[in-house]
Amino acid sequence: MEKESARSQTLAQLHERRKQVVRLYRQGTKIMQIVTMSGLSYPTVRGAIDLFDAGGWGAIRPAVRGRARGDGRVLSQAQEDTIQRLIID
């Protein structure tokens with residue numbers, strides 16, 4: 001199976017793949033077999049297993065990606081609204 005970039009997957013897809021990795025590992029499947037079966041890299045598989053061992057099922061849920069809305073603003077929302085009104089009028 002060809003390796004697939006996780007950057008293009010949704011958070012739900014990532015979570016499902018991590019659950020699959022953990023289920024296979026708990027059934028006794030060797031890590032390199034999981035790598036071959038899933039198409040994920042060794043560090044990704046090992047990371048999912050380590051997260052599960054450290055915090056259970058909740059720990060393997062992927063974090064929200066990207067910057068928060070409005071993060072890094074130069075102007076406040078009020079200043080931005082004022083400037084937009086000036087431009088439109």
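The values are calculated or read from the model by the stated rules, or taken from the named source; none is laboratory data. Because the structure is a prediction, the values reported are computed rather than measured. Positions of Cβ are backbone-derived with ideal geometry, glycine not excepted, and every protein chain shown enters the neighbour counts.
Would you check if there is a residue in the stretch 1-17 being farther than 20 Å from A63 by Cα and free of Cβ contacts under 8 Å to residues at least 24 places away in the same chain?
There is no residue in the stretch 1-17 that is farther than 20 Å from A63 by Cα and free of Cβ contacts under 8 Å to residues at least 24 places away in the same chain.
I'd like the full set of residues that are in contact with a Ser or Thr (Cβ under 9 Å, 6 or more places away or on another chain) and either polar (S, T, N, Q) or loosely packed, with under 11 Cβ neighbours inside 10 Å (or both), limited to the stretch 22-44.
Across the stretch 22-44, the qualifying residues are S38, T44.
Take R73 and tell me if it is assigned to a loop (DSSP other than H, G, I, E, B) and farther than 27 Å from R18 by Cα.
For R73, the condition - assigned to a loop (DSSP other than H, G, I, E, B) and farther than 27 Å from R18 by Cα - is met.
Looking at G56, G47, which one is of a type outside the set (D, E) and exposed (fewer than 11 other Cβ atoms within 10 Å of the Cβ)?
G56
Within the stretch 30-51, which residues are more than 18 Å from P62 (Cβ to Cβ) and either among the basic types (K, R) or not in a helix (DSSP H, G or I) (or both)?
Passing the criteria: only K30.
Just a yes or no: is a residue in the stretch 65-82 among the hydrophobic types (A, V, I, L, M, F, W, C), touching a Lys or Arg at 6+ places or on another chain (Cβ under 7 Å) and modelled with pLDDT of 85 or more? Lay out the reasoning, then the answer.
Of all residues in the stretch 65-82, those among the hydrophobic types (A, V, I, L, M, F, W, C) come to 68, 74-75, 78.
So of that shortlist, the ones also touching a Lys or Arg at 6+ places or on another chain (Cβ under 7 Å) come out as none.
Checking the stretch 65-82: not a single residue is among the hydrophobic types (A, V, I, L, M, F, W, C), touching a Lys or Arg at 6+ places or on another chain (Cβ under 7 Å) and modelled with pLDDT of 85 or more.
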